[in-house]
Each structure stands twice: as structure tokens, then as C-alpha cells.
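Read the structure below first, then the notes.
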Amino acid sequence: MNSTSSPTSTSTASVAESERTWWKESVFYEIYPRSFYDSNDNGVGDLPGIVRKLDYLDDLGVDVVWLTPVYDSPQADFGYDIRDYRDILDEYGTMDDWERLRDGLHERDMRLVMDLVVNHTSDEHEWFEKSRREVDPYTDYYIWREGDPEAGSGDPYDPDALPNNWDSLFGGPAWTYDERRGEYYLHLFDGKQPDLNWRNPAVREDVYGIMRWWLDRDIDGFRMDVINFISKADGLPDGDPSAVVTGSEHFINGPHACEYLREMDERVLSEYDVVTVGEMPGISVEDAREYVGRDGPLDMAFHFEHMRLDEGPDDPWNFRDWSLDDFRETFTRWQTGLAGEGWNALYLNNHDQPRMVSRFGDEAYRVESATMLATFLHTLRGSPFVYQGEEIGMTNVPFESAGKFVDVETLRYVERMLERDDVENFEDIGDAVRYGSRDNARTPMQWSDAPNAGFTDREPWLTVNPNYTEVNVESARADPDSVWHYYRRLIDLRHDAPVLVYGDYEPLLPDHPEIYAYRRTLEDVGALVVLNFFDGEPRFDLPGSVAYDGAELLISNYEVERPEGPDGFDLRPYEARVYRLE
Ligand code: NOJ
């Protein structure tokens with residue numbers, strides 16, 4: 001199984017110098033530190049643990065590590081609730097450990113991207129502690145409103161009492177009443193994550209100060225958490241109650257979001273050679289052009305359109321089947337919509353999403369579908385983001401019971417559902433929770449078949465996927481046909497084939513029910529990508545427009561016998577092939 005020919009490099013001379021940048025040519029790797037590797041056997045991953053695995057990352061061939069938050073935090077949302085932006089969480093190590101990590105990456109020619117979480121802080125951040133006591137200059141650092149706690153039933157959470165009808169993205173009202181200040185504060189996420197008031201220039205100045213502090217410590221960029229939520233509509237008007245998240249039209253891409261990011265670019269980012277990737281739920285391609293187009297303030301945006309394809313229109317937890325038509329249409333819209341304009345951030349899973357094999361692939365064809373999906377991500381125009389464990393084909397987790405989940409979003413959802421009359425017990429919603437919970441992505445990295453997957457010697461903070469005895473790094477590295485070795489080859493291929501990085505994208509067979517095929521073209525070099533997205537054995541009929549004579553197979557996840565027919569070939573379940581076309 002699995003063949004690769006050594007790719008014939010094409011020169012990058014044909015790519016305009018102004019188009020070329022290191023981050024477009026990079027493969028990114030996301031690390032969720034809590035679950036990566038535990039060096040001191042307390043059940044929690046840590047920075048020294050990552051340092052021990054630097055050679056592993058180097059062997060895999062990735063170029064940039066994105067580290068999700070390691071700052072001091074009460075961990076209500078596992079680090080996306082920051083108490084001190086200039087310190088490391090004790091559980092994860094020290095600033096010295098962080099420096100060792102940064103230096104170890106740089107010594108191996110890898111770069112480090114940090115997570116910038118500045119839509120909100122922790123409620124334990126000093127700014128919030130002072131804001132709730134109205135200590136200047138922090139009084140207006142957050143979004144406080146009076147509301148009317150006595151209105152309605154006298155319960156401060158009676159809808160009539162609240163400043164508006166906005167929902168939190170984790171469910172329930174987006175307002176919490178603070179007894180001390182006698183006002184409500186806005187939190188688009190958990191009550192322990194109050195939103196910062198970006199209208200206040202002092203807040204923006206402080207954020208820029210934090211950014212400079214890290215940039216001056218020689219980091220290589222930021223991934224910016226929900227950065228298109230930072231500006232809220234004037235007057236915080238009520239939202240449309242029929243929206244999935246009430247109020248979202250008033251905080252997604254709010255009136256000043258782009259303006260603040262331009263200011264951030266002018267004041268800070270433009271002084272450094274770094275990459276910026278904005279996490280931007282709810283953006284369309286048109287919005288993305290504003291943020292990451294030619295004159296946009298950021299380099300790349302994570303959009304979520306493909307993450308919504310299997311979510312119910314009214315309730316994201318009401319999962320349904322996704323369709324290849326919608327999937328192809330979505331990716332094609334982004335590929336063509338940003339062509340010549342901006343750059344895609346390509347991902348199929350991350351620490352907030354189910355595992356891609358379980359969602360867009362097939363656990364019964366774990367290796368085949370993991371490698372097919374990887375081929376897809378690494379041959380589109382954009383930069384691929386690999387999430388830890390993806391490179392060994394980690395899957396969703398058969399959580400035994402409600403008690404095994406720890407993620408705040410999941411727990412809130414379960415709580416809310418159990419209050420409903422039509423939900424008797426957890427098993428009534430168990431399938432949806434097991435499919436969609438963020439905990440699927442957060443179980444410990446599976447290093448070996450030793451107890452706890454070789455992640456720790458102690459009880460891990462989150463259950464280990466029982467398939468670790470079969471799915472683990474050690475066995476994957478020992479098997480030349482594994483998902484891991486395929487990733488290595490794919491990453492090498494992308495490094496050596498500029499057509500896969502910079503080439504134009506053109507979909508082929510736009511209506512095929514099982515096959516997603518496209519051509520990439522860079523001057524006189526082409527690449528043909530043929531992917532069977534299902535477990536059938538469809539025939540790929542070569543479109544007349546594709547000159548296939550002399551095509552060279554660059555990579556495939558099955559053994560391919562040559563020669564194939566001149567006008568096409570049969571595919572096996574989840575088969576992926578990439579050809580170089582003359
Ligand atoms: C997006 C992050 O990826 C997610 O983990 C977090 O819960 C929310 N933003 C809030 O910070």
C-alpha cells in the first residue's frame with residue numbers, strides 16, 4: 001500500500017516574488033498542551049513534555065507549531081480564560097520552559113505561533129477584578145450594563161431583567177449579574193470569560209502591549225481567538241430570537257472589527273515578520289476578503305462553513321449527514337473566492353471539533369480515509385493545519401457516560417438538555433454528544449500502547465481513547481504503510497512541489513456523487529488530484545480537458561499498478577491519487 005514517487009521539483013521562479021512568503025509554504029501543527037505529553041506525571045501535559053517531543057515534530061516535517069493557550073488561567077475553558085497574559089500556567093511549567101520550547105523549535109527551523117485571546121479575559125484577571133470594583137482606569141475595560149434585576153419575576157436572570165436578549169455561545173444568557181458592581185457584564189462565552197470593551201482605547205493599547213511583549217520574545221505569529229467578535233453593535237440592540245445564537249448578528253463582524261485590526265496591524269504587526277491567523281466564526285468569503293484580502297490587516301482566517309455542513313440549521317447539536325456536493329461547493333467557493341486575493345487556512349479538525357476521520361472519513365477505513373483527507377488538505381491552495389493526533393489517524397472517543405466529559409460547552413449543553421421534558425436521560429442525547437463534543441479532540445495524544453497511551457504514568461486529566469493499543473505513534477512509526485508515514489511523504493511533497501502551494505485551483509467533475517477531483521496549475525506544470533470520498537469503487541473518467549499523457553503519480557494511499565487506462569481508472573474505497581501533469 002501507499003506509493004510515492006520522488007517529486008520532480010518545479011521551480012518557484014514562476015511565482016511572483018511578492019506572492020511568496022514562508023507561511024504560505026508552511027505546514028502548521030496545532031498543539032493542545034494539556035493533552036500532548038506529560039513530563040512530570042501529574043496527568044496533565046506540559047511545556048517540558050512538548051520539548052521532549054521536538055524531534056518527533058521535526059521528523060514529521062511540519063514547519064510551524066501553533067500552541068493553544070499556556071498562560072496563567074483558572075482553566076474554566078482550558079486556557080481560553082486568561083488570568084495573566086505574561087505568565088505561564090504553573091501546571092504547564094515556567095517562562096524558562098517556554099523559552100526552551102521556543103529555542104528548540106527555532107534550532108530545528110520550526111516556528112512558533114502563540115494564541116492571542118483578547119475578545120475576553122478570565123474573570124480572575126486583575127483588570128476585571130478592578131473593573132467590578134470600578135477602580136480607574138479599569139472601570140470601562142469590560143461591557144457593563146445596568147439592566148433591571150427587579151424587573152419581571154425579580155430574578156436577575158428573568159429575560160425582562162437582562163440588558164438584552166443575547167445568548168452566550170455556550171448556552172444561556174450572555175449576561176451575568178455582578179452583585180458587587182450592581183450591574184451585568186457581557187460574556188459571549190462562559191460567565192468566567194467577560195468580554196473586553198474594545199471601544200475603550202486603553203483596552204486596545206493594553207492588548208498591543210501584550211502583543212509586543214510576546215513578539216519581542218521572538219515568536220513568529222499569533223492565532224487570534226474569535227477575533228471577529230471584538231466589536232459589538234452600537235447600543236447592543238436585541239437580536240433576532242430565531243437565530244441559532246441570539247444576538248450574533250450584532251457581534252459577528254461588528255462595526256469596528258476590521259478598523260481595530262487595521263489599527264493593530266499599523267501599530268504592532270507591521271513591525272514584525274510574523275504570521276497572523278484569525279479565528280472567525282460566521283465569516284463569508286466576502287468578509288474574509290476584508291480581513292485577509294490584499295489590503296487586509298491579517299494573513300489568514302479560519303472560517304467555519306465546512307464545519308457547519310453536518311449541523312442542524314436551528315441547533316448545531318442536531319447533527320445530520322453532510323453531502324459531498326455541499327462540501328465541494330464550500331471548498332470551491334473559498335478556493336476561487338480568495339484566488340489572487342488572500343490565502344486559505346486549511347483544516348478539517350482542531351481542538352474544538354470532532355476528529356476528522358470520524359466526521360468526514362470512516363472509522364471502518366481509518367487508514368484509507370485519514371490519508372485521503374490528508375491528501376485533500378495538503379493539495380489545496382492554502383496552508384494546511386494538522387491537529388495533534390491527526391497524523392496517526394486518531395478518532396472520536398466512545399465516552400462511556402456523561403460523567404466522562406469535562407468540556408464546559410459540552411457540560412452546559414448536557415445540563416440544558418436534561419432540563420427539558422423530552423429528554424429523560426443522557427442516552428437520549430448521547431449520540432449527538434459523543435459525535436460533536438470538543439472532548440473528542442482533547443483526549444491524550446496516543447504515543448504508545450503502554451498504559452494511558454504513554455501520555456502519563458498517572459490518571460490522565462481526560463480519558464484516553466481505548467483504541468490507543470492499536471492507534472499510537474510508536475506502532476505508526478514502525479509501519480511504513482501507516483497514516484504517519486503518509487503524512488511525512490505528503491508534507492515533503494508539498495515542500496517540493498510549488499504547484500501544490502501556489503497553483504490555481506480548478507474543480508473537475510463538479511457533480512460527481514463520490515469523487516472530488518481538481519486540477520492545480522502553475523504556469524506549465526499541473527497537478528491532478530483525485531479523491532474517492534466514500535467506501536464505494538467508482539470509476540474516475542478523465543475529463544477531456546485534462547492532458548493525462550505522461551502523467552507521473554506523485555503520491556497515492558494505495559499501491560497503483562501502471563499503466564492505467566488512457567481515459568480514467570477505477571478507485572478503491574477512500575483512494576487518493578495525485579499526478580503531476582505535463
Ligand atoms: C475559540 C477557541 O478555539 C475555543 O476553544 C474557546 O472555547 C472559544 N474560542 C472561546 O475562547
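Every listed requirement among (1) more than 30 Å from Pro33 (Cβ to Cβ); (2) in contact with a Phe, Trp or Tyr (Cβ under 8 Å, 6 or more places away or on another chain); (3) assigned to a loop (DSSP other than H, G, I, E, B) is met by Tyr177 save one, (3). Would a scan of segment 153-168 turn up a residue that is surrounded by fewer than 20 Cβ atoms within 10 Å (Cβ to Cβ) and under 31 Å from the mean Cα position of the chain (by Cα)? Yes: one or more hits. Among the residues of segment 46-80, those that are within 16 Å of the ligand (Cβ to nearest atom), in a loop (DSSP other than H, G, I, E, B) and buried (at least 19 other Cβ atoms within 10 Å of the Cβ) comprise Thr68, Pro69, Val70, Ser73, Gln75, Asp77, Phe78, Gly79, Tyr80. Evaluate the following for Glu30: is it within 16 Å of the ligand (Cβ to nearest atom), closer than 30 Å to Asp295 by Cβ and touching a residue at least 40 places away in the same chain (Cβ under 8 Å)? Yes, satisfied. Considering the conditions (1) in a loop (DSSP other than H, G, I, E, B); (2) without any contact (Cβ under 8 Å) to a residue 60 or more places away in the chain; (3) within 29 Å of Arg212 (Cβ to Cβ); (4) within 16 Å of the ligand (Cβ to nearest atom), Leu348 is excluded by exactly one of them, (3). Hey, any hits in segment 520-533 for a residue that's crowded, with 19+ Cβ neighbours inside 10 Å and among the basic types (Lys, Arg)? Yes. In segment 200-226, the residues that are assigned to a helix (DSSP H, G or I) form Cβ pairs under 8 Å with partners that are of a type in the set (Ser, Thr, Tyr) and within 16 Å of the ligand (Cβ to nearest atom), at six or more places apart or across chains, as follows: Ile210/Tyr85; Trp213/Tyr85. Might you let me know whether segment 251-258 holds any residue that is open to solvent by less than 10 Å² (accessible area, probe 1.4 Å), in contact with a strand residue (DSSP E or B) (Cβ under 7 Å, 6 or more places away or on another chain) and not in a helix (DSSP H, G or I)? Taking every residue of segment 251-258 in turn, none turns out to be open to solvent by less than 10 Å² (accessible area, probe 1.4 Å), in contact with a strand residue (DSSP E or B) (Cβ under 7 Å, 6 or more places away or on another chain) and not in a helix (DSSP H, G or I). The requirement of being aliphatic (A, V, I, L, M) and in a loop (DSSP other than H, G, I, E, B) is fulfilled somewhere in segment 413-432, by at least one residue.
One residue alone among Asp140, Asp136, Asp72, Asp123 is farther than 22 Å from Ile227 by Cβ and either among the charged types (D, E, K, R) or in contact (Cβ under 8 Å) with a residue 40 or more places away in the chain (or both), and that residue is Asp136. Do we have any residue at all in segment 106-120 that's under 19 Å from Leu188 (Cα atoms), open to solvent by less than 10 Å² (accessible area, probe 1.4 Å) and in contact with a helix residue (DSSP H, G or I) (Cβ under 6 Å, 6 or more places away or on another chain)? Yes: one or more hits.
The values are calculated or read from the model by the stated rules, or taken from the named source; none is laboratory data. Bear in mind the structure is a predicted one, so any value in this text is a computation, not a measurement. Don't worry about glycine lacking a Cβ; one is built from the backbone with ideal geometry, like all the others, and counts go over all protein chains shown. Quick note on the areas: whole protein, heavy atoms, side chains included, nothing else; ligands and nucleic acids left out. Shrake-Rupley method; radii C 1.70, N 1.55, O 1.52, S 1.80 Å.
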